[in-house]
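Written below as structure tokens is the structure these notes are about.
The values are calculated or read from the model by the stated rules, or taken from the named source; none is laboratory data. Everything quoted here is computed from the prediction, not taken from an experiment. All Cβ positions, glycine included, derive from the backbone under ideal geometry; neighbour counts span all protein chains shown.
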Amino acid sequence: MLTRPKKIRRVSGLDAHLQEIMDDLRERVNEWCSRNPTRPFAARDLVGHGHNWRGTPLWAVYTKHSGKPHEKRVKQAGRDVGWLLLRVVNDDQRRTFRPEHHYVMHYRPLPS
């Protein structure tokens with residue numbers, strides 16, 4: 001859960017894949033927190049910088065924006081994943097996260 005409530009925007013067009021995507025992001029957050037218990041993370045740390053989405057539930061987020069040029073698809077998919085990640089950390093009942101606004105939103109896991 002978050003230390004400060006934030007508005008969470010709904011991401012449309014993913015209903016058929018939403019649970020798989022949320023589970024995938026939750027697993028990535030859990031892995032990050034087990035390896036880096038106090039280090040903040042952003043969506044780009046979990047799924048950006050060379051992570052290949054093909055063959056993962058996140059591929060549905062990218063393909064949702066078909067018909068757009070590649071750069072726009074990547075940018076919009078990144079925004080969508082950011083909103084979904086906010087929902088994942090907000091719904092986490094085992095950990096508390098402090099949101100930190102840098103160029104992109106970061107979440108710092110806090111000790112239990």
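Remarks
- Given (1) surrounded by fewer than 17 Cβ atoms within 10 Å (Cβ to Cβ); (2) in contact with a helix residue (DSSP H, G or I) (Cβ under 9 Å, 6 or more places away or on another chain), index of the condition HIS106 fails: (1)
- Selection from region 11-35 of residues that are in a loop (DSSP other than H, G, I, E, B) and either without any contact (Cβ under 8 Å) to a residue 40 or more places away in the chain or in contact with a Leu (Cβ under 7 Å, 6 or more places away or on another chain) (or both): VAL11, SER12, ASP15
- Answer residue from region 76-112, given it is in contact (Cβ under 8 Å) with a residue 60 or more places away in the chain and of a type in the set (Phe, Trp, Tyr) and is farthest from LEU58 (Cα to Cα) among those: PHE97
- Among the residues making up region 36-87, those that are among the β-branched types (Val, Ile, Thr) and in a helix (DSSP H, G or I) are VAL47, VAL61, THR63, VAL74, VAL81.
- Taking the listed residues GLY78, GLY55, the one that is touching a Gly at 6+ places or on another chain (Cβ under 9 Å), modelled with pLDDT under 95 and either crowded, with 18+ Cβ neighbours inside 10 Å or not polar (S, T, N, Q) (or both) is GLY78, with no other qualifying.
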